[in-house]
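Below: the structure, in structure tokens.
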Amino acid sequence: MLKTTTVTFLAVATSFFILHFSSPPKSYYHSLFISDSLADNASVSHHLYTLTRRPHVAGSQANAEAASYVLSTLNACNVKAHAVSYEVLLTYPDSHVAHEVVPTFHTYAKSGSVTGPVVYVNYGRVEDYETLKEIGVNVTGTVVLTRYGKISRGDIVLNEFEAGAIGALVFTDRKDYGGGTGYAKWFPDDKWMPPSGVQVGTVYNGSGDPTTPGWASTEGCERVSIKEVERSGHVPLIPSLPISSSDGETILRSIGGQVAKDDWQGSKDAPTYKVGPGPGVVNLDYNGKQVIETIQNVIGVIEGVEEPDRFVILGNHRDAWTFGAFDPNSGTASLLEIGSTEWVEENRELLASRAVAYVNVDSAVSGPGFHASATPQLDDLLKQAAQQVQDPDNSSQTIYEQWAGSTDLYMIGRLGGVGSDHAAFLQHIGAPAADMCFGEAGFPVYHSMYDDYTWTENFGDPMFKRNIAAASVWGLVALRLADEEFLPFNYHSYTFEIQRLAEDLENEISDKGIDDAIENAKNLNTAESWDLVQHEVWRVSRAVRHASLVLNGKLT
């Protein structure tokens, strides 16, 4: 039963699971995750195929049917399971051009039609806009072209709006997703995104249903207006669209002005990237619709014996942008995390007092190499579990040995932002949280229609051994959290993390010479000087805010 349930998790067959593991015999259940008994890759393959045979975007009939499949699977394993529905605000393009596949769009994008000269701004980071300012390029009144990577698409569009742009285009650069220089083989012949491929996703920077901030989206509940949602700052105020590498390069060929820096350039066989503005002009026209739709969470419960009122929660979302073989049926983005947030908001007091930890596996497998992020007290637990499981790509070593040999000093990442299901548990109720996966960052066909079962079967995990290994680590972590007499938390890691952040903050402040800048500005009394002061204060305030969020347990 445990084996099938865990494999179902890894096949991304559920939205949430609350697992209460019984105690005796504890050693037996632990041994299941480090023995051949878990190696049922046929089961993993079957679940993944069933869940990804149709596109199943949030709010669709196909996604409701996927929820029914999850529910029936859990019930067949004698797991007490039920579904909980919520009525949430979702957005879609106003028209469809493909059967069940939603056209390329940004969820929660602003509808509108704008026309303006194009400016290229690399990845759309704050420092990229600083670079343009230094060379005298003004983006006010322009349509900004950026490429995916480095920061979230929501931050990309927000930065463009704050810089004065009237529209945003975000392209999937071949340099990052298409296999690099001179590459001529793409999916289905190789793992890389075709030049026509487009990465879709959300530009919402909040958590949960934007019309019910802080409370659950139950039927008939109170909602804030769309104008109030826009005033919150979590949704963009300019229209945006994702475009392909091919379309992005076409637009770049129309841009003149100064040649962009070397690290702003694309592949060697791509056109020379210039920053503009213009002379190329873009007409960006997007019309979306906002609707209240029903989404489903599936909850499975295995009751414990010693403390059945304490929860070890394993979670992973089910809704997909298209087919979703890796993501989300193995991932991310605010539209897809809404269900988890609504459930946490509805059960906030219960979870805040009884949740031991939340362990997330959003995108389980996209390739070789294990990675994990967590709140610091879970660091040692993750390492210990990885030391017990064989590396699926090298039987002569453990996952831990592969992991430690392939990362830098900070081998476990930190969970920040609202881009996945951990956000509601960590940032709303302060529960310890972790996330793990196999595969490097920059998944080639991320959030595109090419993220399907065929891609996973041929490139992501041909023998489904990595899925099994991920299930093993996940299961061992959950059982340790459920079975230990004293919770296996190590707060030394938290202490070291806070010390490191404090040192980084001190260095950030000391290097800026803020006192001198303020004094000079007072003496000169010029707008330029005060702009400099405001800029430096803004940079430091971001660092202070980051540190304070960490110290308060809202960001790690």
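For the stretch 60-82, a tally of residues being open to solvent by 50 Å² or more (accessible area, probe 1.4 Å) and either within 24 Å of the chain's Cα centre (by Cα) or farther than 25 Å from GLU303 by Cα (or both) returns 2. Checked across the stretch 287-295, the condition of being charged (D, E, K, R) and closer than 30 Å to LEU74 by Cα holds for at least one residue.
Could you tell me whether any residue of the stretch 149-165 is of a type in the set (Ser, Thr, Tyr) and either open to solvent by 20 Å² or more (accessible area, probe 1.4 Å) or touching a Lys or Arg at 6+ places or on another chain (Cβ under 6 Å) (or both)? Looking through the stretch 149-165, at least one residue is of a type in the set (Ser, Thr, Tyr) and either open to solvent by 20 Å² or more (accessible area, probe 1.4 Å) or touching a Lys or Arg at 6+ places or on another chain (Cβ under 6 Å) (or both).
Exactly one residue among ALA469, ALA431, ALA441 is assigned to a helix (DSSP H, G or I) and of a type outside the set (Ser, Thr, Tyr), and that residue is ALA469. The combined condition, being of a type outside the set (Gly, Ala, Ser) and either within 24 Å of the chain's Cα centre (by Cα) or open to solvent by less than 30 Å² (accessible area, probe 1.4 Å) (or both), is not fulfilled by GLU503.
The criterion of at least 3 residues that are open to solvent by 10 Å² or more (accessible area, probe 1.4 Å) and either hydrophobic (A, V, I, L, M, F, W, C) or more than 19 Å from GLN427 (Cβ to Cβ) (or both) is met, among helices (runs of 4 or more DSSP H) falling completely within the stretch 343-412, by 379-386, 399-405. Set side by side, the residues THR131, THR172, THR146, THR140 differ, and just one is at negative phi, modelled with pLDDT of 90 or more and surrounded by fewer than 16 Cβ atoms within 10 Å (Cβ to Cβ), which is THR140. Only residues that are closer than 20 Å to VAL114 by Cβ and in a helix (DSSP H, G or I): list them for the stretch 233-264, please. Passing the criteria: ASP247, GLY248, THR250, ILE251, LEU252. Assess whether ASN316 counts as being modelled with pLDDT under 85 and of a type outside the set (A, V, I, L, M, F, W, C). Criteria met by ASN316.
Kindly evaluate HIS96 against the criterion of being at pLDDT below 95, touching a helix residue (DSSP H, G or I) at 6+ places or on another chain (Cβ under 7 Å) and under 20 Å from SER244 (Cα atoms). Here the answer is no, as HIS96 does not meet what is asked. The listed residues are LEU481, LEU415, and the only one of them that is modelled with pLDDT of 90 or more and in contact with a helix residue (DSSP H, G or I) (Cβ under 8 Å, 6 or more places away or on another chain) turns out to be LEU481.
The numbered conditions (1) open to solvent by 20 Å² or more (accessible area, probe 1.4 Å); (2) modelled with pLDDT of 85 or more are all true for PHE323 except (2).
The values are calculated or read from the model by the stated rules, or taken from the named source; none is laboratory data. Keep in mind that what you see is a predicted model, and the values were worked out from it rather than measured. Note that each Cβ is placed from the backbone with ideal geometry, even for glycine, and that neighbours are counted across all protein chains shown. Only protein heavy atoms, including side chains, enter the accessible area calculation; ligands, DNA and RNA are left aside. Shrake-Rupley method; radii C 1.70, N 1.55, O 1.52, S 1.80 Å.
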